[in-house]
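Student: One structure is given below, represented as structure tokens, and several questions about it will come after.
The values are calculated or read from the model by the stated rules, or taken from the named source; none is laboratory data. Just so you know, these numbers come straight off a predicted model, no measurement behind them. Cβ: placed from backbone, ideal geometry, glycine included. Neighbour counts: every protein chain shown.
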Amino acid sequence: MTATSPPNTVLPNALASNAPESGETNAVPPVAGAGLRIPLVTGGDISYANLDHAASAPCLSAVRSAVDEFLPWYASVHRGAGFASQVSTRLYERTRKVLRRFADARDTDTVVFTRNTTDAFNLLAKALPHKTSVVVFDTEHHAALLPWRGPNVRRVSLPRTRLAAVSVVDEALAACPQGPRLVVVAGASNVTGELLPVAEISAVARKHGARVALDAAQLAPHRRISLRELDVDYVALSGHKLYAPFGAGALIGRSDWLRAAVPYLAGGGATKLVTEEAVVWNTGPERHEAGSPNTVGVYALSVACEQLAANWDAIGAHEAELLERLRKGLAGLPGCAELRLFDAPVDRVGTVSFVVDGFDPGWVAAVLSAEYGIGVRDGAFCAHVATSRLIRETGGEGQQALRVSLGLGSTAEHVDRLLLALRQIVARGARWEYTKVDGRWTPVGDPRELPPFCA
């Protein structure tokens, strides 16, 4: 029997693809909160300059609208007979197809929904066959660096050239014992924004019969990704970096290791049959998705992916212009040293980390926020090895730097305001007094009030 919609029932637009029918629209998708104004410690308010997209990107306006439309229909998925449950299930499963297209995955690849990139790599780590050798650069984000444990894990230092990086992986794989092998590599550094030679590393991995897992957390919001063209086996990504901050991510890739592994979580949804004597687990992606899923987050992720995929040309041009403006301005700032993985210029996304001689990065970040309404990142960016090493290579000391990361919510005015603020801070210091509270620099007697919903 063919299922039909009840008479006079209007289905949500959410059931249709959110990608424009005509393909790319050549526009930069707007973000929620673009007109946000925040108070300054010195009085008055100013439009917020969000230059911290690499940590978490703002929500796309289209994502917010889609979620608002879907919420009245939200219900349980997969086992609900209700009409709203059917709607929710349809959206949930359609997202797998959207993500497969977004990552240009193979027809046989599976899509497992996770919380974020960290969750995805921890899932993959638990699914590795026994005695799998893992090769990973020690400059990776902790999400891609820490899940791998045991004597067969080889952390290798990233050389100063892309060609040497490929050779290091080649040598490390050659030294691995017989058996399954996996190379873990970031598409773009979360510290410097530089792109790593993923396709070249994949070619070397194939020579040794190894698989490749791509950390696309920093790459996916800025560039097209293709499992086929890069010839990688797995890709992990996070919705909160893809302008869909609703707590969903994904692991996309080959299904055999995942199908053979013990379920990531034990619980409802991962099971096909439970008796008093035994459990029969599902073999599809549901095997690793026990519990009630984050249907709203998954749907938000699909909308964001479709919006980005329809506008890559405009997105690339927008970020390239701002990145050139930013780097040119930082190069003229006295005492400023940019952190770089490679000696020669390479392709990169809109992330720049730097230190300013004689200035505590945490203090500078606090001043930028309190007195200029600018949000940047300070610290080691969950890549402690990379950050501390690159700071030493600039001749500096310490383990913390400043990071500016551009995105769809960034404007030329934000970049210009940052550069002017940095010049003023270096020249004359701060206009307010600051002290450390719980390890963070904070304005003394901060008069600003948080919004009511924080109470």
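Student: Condition first: aromatic (Phe, Trp, Tyr) and either buried (at least 16 other Cβ atoms within 10 Å of the Cβ) or closer than 15 Å to Val296 by Cβ (or both). Now tell me which residues in the stretch 72-88 satisfy that. First the steps, then the outcome.
Tutor: In the first step, residues of the stretch 72-88 are kept if they are aromatic (Phe, Trp, Tyr); the result is 73-74, 83.
Within the stretch 72-88, Trp73, Tyr74 meet the criteria.
Student: Next question. Between a first residue in the stretch 275-293 that is over 13 Å from His78 (Cβ atoms) and a second residue that is among the polar types (S, T, N, Q), which pairs have beta carbons less than 8 Å apart while being 6 or more apart in sequence or on different chains?
Tutor: Every condition considered, the pairs that remain are Val279/Thr271; Val280/Thr271; Trp281/Thr271.
Student: Where the second residue is of a type in the set (Lys, Arg) and the first is under 13 Å from Leu158 (Cβ atoms) and lies in the stretch 120-147, which pairs have Cβ atoms under 7 Å and are six or more apart or on separate chains?
Tutor: Val135/Arg154; Val136/Arg155; Asp138/Arg155
Student: Name every residue in the stretch 240-270 that is among the basic types (Lys, Arg) and surrounded by 21 or more Cβ atoms within 10 Å (Cβ to Cβ), in order of residue number.
Tutor: Within the stretch 240-270, the first condition is being among the basic types (Lys, Arg), and the residues that meet it are 241, 254, 259.
Within the stretch 240-270, Lys241 is the sole residue that qualifies.
Student: Those residues that are under 15 Å from Val415 (Cα atoms), surrounded by fewer than 19 Cβ atoms within 10 Å (Cβ to Cβ) and of a type in the set (Asp, Glu), I need them from the stretch 314-354; list them, please.
Tutor: Of everything in the stretch 314-354, those that are under 15 Å from Val415 (Cα atoms), surrounded by fewer than 19 Cβ atoms within 10 Å (Cβ to Cβ) and of a type in the set (Asp, Glu) turn out to be Glu321, Glu324.
Student: Oh, and also: If you scan the stretch 413-430, which residues turn out to be closer than 15 Å to Asp357 by Cβ and assigned to a helix (DSSP H, G or I)?
Tutor: First, the residues of the stretch 413-430 that are closer than 15 Å to Asp357 by Cβ: 422-423, 425-427, 429.
Passing the criteria: Leu422, Arg423, Ile425, Val426, Ala427.
Student: Are any residues in the stretch 128-152 at pLDDT 95 or above and of a type in the set (D, E, K, R), and if so, which ones?
Tutor: Hits for the stretch 128-152 are Lys131, Asp138, Glu140.
Student: Quick test of your reading of the structure: Leu273 fulfils all but one of (1) surrounded by fewer than 21 Cβ atoms within 10 Å (Cβ to Cβ); (2) out of contact with any helix residue (DSSP H, G or I) (no Cβ under 7 Å at 6 or more places or on another chain); (3) more than 30 Å from Ala165 (Cβ to Cβ); (4) not assigned by TED's automatic domain parsing to the domain that holds Leu99. Name the failing condition by number.
Tutor: (4)
Student: Please state which of the following conditions Val280 fails to meet, knowing it meets all the rest: (1) surrounded by 12 or more Cβ atoms within 10 Å (Cβ to Cβ); (2) modelled with pLDDT of 95 or more.
Tutor: (1)
Student: Another question about this same structure. Quick one: Gly33 ticks every box in (1) at pLDDT below 95; (2) more than 18 Å from Gly409 (Cβ to Cβ) except a single one, so which number is it?
Tutor: Every condition holds for Gly33 apart from (2).
Student: Any residue in the stretch 312-321 that is closer than 26 Å to Val212 by Cβ and of a type in the set (Phe, Trp, Tyr)?
Tutor: Within the stretch 312-321 (the criterion being closer than 26 Å to Val212 by Cβ and of a type in the set (Phe, Trp, Tyr)), the answer is yes, since at least one residue qualifies.
Student: Here's another thing I want to ask about it. Looking at (1) farther than 25 Å from Gly187 by Cβ; (2) modelled with pLDDT of 95 or more; (3) outside the structural domain of His142 (by TED's automatic domain parsing), can you tell me which one Arg287 breaks?
Tutor: Among (1) farther than 25 Å from Gly187 by Cβ; (2) modelled with pLDDT of 95 or more; (3) outside the structural domain of His142 (by TED's automatic domain parsing), the lone unmet condition for Arg287 is (3).
Student: Restricting attention to the stretch 357-380, does a residue exist that is among the hydroxyl-bearing types (Ser, Thr, Tyr) and either assigned to a loop (DSSP other than H, G, I, E, B) or over 23 Å from Gly316 (Cβ atoms) (or both)? Write out each step before concluding.
Tutor: In the first step, residues of the stretch 357-380 are kept if they are among the hydroxyl-bearing types (Ser, Thr, Tyr); the result is 369, 372.
So of that shortlist, the ones also either assigned to a loop (DSSP other than H, G, I, E, B) or over 23 Å from Gly316 (Cβ atoms) (or both) come out as 369, 372.
Yes, there is a match, as at least one residue in the stretch 357-380 is among the hydroxyl-bearing types (Ser, Thr, Tyr) and either assigned to a loop (DSSP other than H, G, I, E, B) or over 23 Å from Gly316 (Cβ atoms) (or both).
Student: Would you call Val404 under 24 Å from Phe246 (Cα atoms), part of a strand (DSSP E or B) and aliphatic (A, V, I, L, M)? Walk me through it before giving the result.
Tutor: Values: under 24 Å from Phe246 (Cα atoms): yes; part of a strand (DSSP E or B): yes; aliphatic (A, V, I, L, M): yes.
Yes, satisfied.
Student: While we're on this one: Yes or no: the stretch 355-366 includes at least one residue that is crowded, with 24+ Cβ neighbours inside 10 Å, among the hydrophobic types (A, V, I, L, M, F, W, C) and within 24 Å of the chain's Cα centre (by Cα).
Tutor: Going residue by residue through the stretch 355-366, those that are crowded, with 24+ Cβ neighbours inside 10 Å are 355, 361.
Next, only the ones that are among the hydrophobic types (A, V, I, L, M, F, W, C) stay: 355.
Among the residues that remain, those that are also within 24 Å of the chain's Cα centre (by Cα) are: 355.
Yes.
Student: Scan the stretch 370-388 for residues that are on the phi > 0 side of the Ramachandran plot and surrounded by fewer than 22 Cβ atoms within 10 Å (Cβ to Cβ) and report the count. Please lay out each step first, then the result.
Tutor: Restricting attention to the stretch 370-388, the residues satisfying the condition of being on the phi > 0 side of the Ramachandran plot are 373, 379, 381-382.
So of that shortlist, the ones also surrounded by fewer than 22 Cβ atoms within 10 Å (Cβ to Cβ) come out as 379, 382.
Qualifying residue count, the stretch 370-388: 2.
Table: residues versus (1) surrounded by fewer than 19 Cβ atoms within 10 Å (Cβ to Cβ); (2) free of Cβ contacts under 8 Å to residues at least 12 places away in the same chain; (3) in contact with a Lys or Arg (Cβ under 7 Å, 6 or more places away or on another chain).
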{"site": "Ala401", "(1), (2), (3)": "no, no, no"}
{"site": "Leu406", "(1), (2), (3)": "no, no, no"}
{"site": "Val426", "(1), (2), (3)": "yes, no, no"}
{"site": "Trp441", "(1), (2), (3)": "no, no, no"}
{"site": "Ala455", "(1), (2), (3)": "yes, yes, no"}
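Student: I would also like to ask the following. For the condition in contact (Cβ under 8 Å) with a residue 12 or more places away in the chain and under 19 Å from Leu308 (Cα atoms), what is the one hit in Leu40, Leu36, Leu99, Leu71? Before you say what the answer is, go through the steps one by one.
Tutor: Numbers: Leu40 fails: under 19 Å from Leu308 (Cα atoms); Leu36 fails: under 19 Å from Leu308 (Cα atoms); Leu71 fails: under 19 Å from Leu308 (Cα atoms).
Sole residue among the options that is in contact (Cβ under 8 Å) with a residue 12 or more places away in the chain and under 19 Å from Leu308 (Cα atoms): Leu99.
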